[in-house]
Structure formats: C-alpha cells, structure tokens
Amino acid sequence: MLAYPKVLLLSSDETETSVMEKILSEHVILRSIGDLAELRNHLDGAYDALFCGWSFQKGGWNEALRQVRKRCPDLPVVIFSRVGGEQEWVEALEAGAFDLLVAPYLKRNVLPLLEHAVASHEARRWHNAAFRNSAMAV
C-alpha cells in the first residue's frame, strides 16, 4: 500500500464523518466533503479511494457512484452505512461499489478494507499503463 494514500470522504452526517475521520486520519491524506457538487470538484484522479456515506446532503451513494464511474472509473468506492444487510451489500456491489462497510466502524475493519481498495486501485493503474504501453508498441 502507498505510504499515505489519498482518500476522499463523502458524508454530511457529523457523527459518521467524525468517526471515519478519527479512524482514517492518521493513516491517509484525508479530504472530507459533504455533497455531490464538492465531489465533482474533486474527481480529478488525485485520490486512491472514496469512502461514501449511504446518504448525504442532497444525494445518496448511488448518485455519487454514477459520478465516479463517469470520471474516474477505476476509483474504488467504499459505501458505509449505519445499517445494512446482504441485500444492501449486493445492491452496492452490483452498482459497482468496491464494498459496503456497516457500522460499527472499527479500525480493525476499516483499515484492511482501505488497504485492499488502495492495492486494487494501484493494480488497475499498473495494468492500464502496461496495456497502453503494449498497445503503443504494436
């Protein structure tokens, strides 16, 4: 995993934001945002993962995921929710999310998921770069 991955945190719930910031802040370069307009302004390829609340001010995870897929299709999006079960998990994965994290948000659950998401993102970037290089060589 990168020394300090860059993570975007999309949530307008103060309690959830505070908990996630506490867990992530000492391990990542973290930027917290609260709505879709801010998300659009930060989808420039500079982040290694997005942690997205189930719902937030003026939007929800599925809208955020659509925005990400249009502009940064390889960016892993981890959805987090206070409640959820198998149906919500399947819904999130089928929509293209990397995973669904359900409360309680604990460091021992969040950090391995973050590491896996970032490693997956790095692998996709390497693969895409190698594919572009081999295509140019032909």
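The values are calculated or read from the model by the stated rules, or taken from the named source; none is laboratory data. Remember, it's a predicted structure, so these values are computed and weren't measured experimentally. Note that we place each Cβ from the backbone using ideal geometry, even for glycine, and neighbour counts take in every protein chain shown.
If you take the residues in the stretch 24-80 that are over 10 Å from the mean Cα position of the chain (by Cα) and β-branched (Val, Ile, Thr), which one is farthest from ALA103 (Cα to Cα)?
ILE29
Can you tell me which residue is modelled with the lowest pLDDT among those in the stretch 62-85 that are among the basic types (Lys, Arg) and more than 21 Å from ALA123 (Cβ to Cβ)? Give the steps one after another, and end with the answer.
Of all residues in the stretch 62-85, those among the basic types (Lys, Arg) come to 66, 69-71, 82.
From the residues that got through so far, the ones that are more than 21 Å from ALA123 (Cβ to Cβ) too are 66, 70, 82.
Numbers: ARG66: 95, LYS70: 94, ARG82: 91.
My answer is ARG82.
Have a look at LEU100, LEU113 and point out the one that is without any contact (Cβ under 8 Å) to a residue 40 or more places away in the chain, in contact with an Asp or Glu (Cβ under 7 Å, 6 or more places away or on another chain) and farther than 16 Å from ILE23 by Cβ. Spell out how you get there, then give the answer.
Values: LEU113 fails: farther than 16 Å from ILE23 by Cβ.
Unique residue meeting the criteria: LEU100.
Sort out for me the helices (runs of 4 or more DSSP H) sitting completely within the stretch 13-84 that have 1 or more residues that are hydroxyl-bearing (Ser, Thr, Tyr) and farther than 19 Å from LEU113 by Cβ. Even if it seems obvious, please write down each step before you answer.
On the way: elements: 14-24, 36-42, 61-71.
In the stretch 13-84, 14-24 are the helices (runs of 4 or more DSSP H) which contain 1 or more residues that are hydroxyl-bearing (Ser, Thr, Tyr) and farther than 19 Å from LEU113 by Cβ.
For the stretch 1-22, what are the residues that are buried (at least 20 other Cβ atoms within 10 Å of the Cβ) and either under 17 Å from GLN67 (Cα atoms) or not charged (D, E, K, R) (or both)? Working first, answer last.
At the first step, the residues of the stretch 1-22 found to be buried (at least 20 other Cβ atoms within 10 Å of the Cβ) are 5, 7-11, 16, 20.
If the condition is that a residue be buried (at least 20 other Cβ atoms within 10 Å of the Cβ) and either under 17 Å from GLN67 (Cα atoms) or not charged (D, E, K, R) (or both), then PRO5, VAL7, LEU8, LEU9, LEU10, SER11, MET20 are the ones that fit.
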